[in-house]
Amino acid sequence: MAAIQGPLAGARGRARPAGRAGLRVGNPFGQFNWWVLAGIAIVGLAALLPVIQSSMVTSEGFSMQRSQEQEATLNGQISILESDIGRMTSLDRIDQRAQELGLQPSTDPDFIHVTVPGPAPAKLPASYLPAQASAQQQPESWWQSLFDWLPLPN
């Protein structure tokens, strides 16, 4: 009976082990280990992270450089516009333009006196209005608020 349960001695010179630990007929490399594949994938991703970070930093650097160039262009345009405003508002230019239009300085000015007050909220920028004295009240002391809270006779 013992001879029936054991392997045949003459079958290709070797005995084949039984169970899952042995070689499968269709897979020449043995059992596939998913842990090895997961480890290779993690190492591959870890190797790609510095490359991805470097790529992102480089693209952000180019974006920042473009933004700085746009800022410099806009600042240049603002400076040109400010110089145009300064040139257009100069008294010499205004006088020259008035003479081109045929305007002459007035010899007999008329003065008008207005007795009606202006609108209640002034229509001027705050920098041209006279400074108003701010009346700040002193904060109430803690003991005064305590006395106000207590029901004491007046």
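So, in region 127-146, how many residues would count as being among the aliphatic types (A, V, I, L, M) and either at pLDDT 75 or above or assigned to a helix (DSSP H, G or I) (or both)?
Within region 127-146, the subset among the aliphatic types (A, V, I, L, M) is 129, 131, 133, 135, 146.
Next, from what is left, pick out any that are either at pLDDT 75 or above or assigned to a helix (DSSP H, G or I) (or both): 146.
Result for region 127-146: 1.
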Q | Within region 1-108, helices (runs of 4 or more DSSP H) holding 1 or more residues that are modelled with pLDDT of 90 or more and at negative phi | A | 34-88, 91-101
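The values are calculated or read from the model by the stated rules, or taken from the named source; none is laboratory data. Bear in mind that the values here come from a model prediction, so they are computed numbers and not experimental data.
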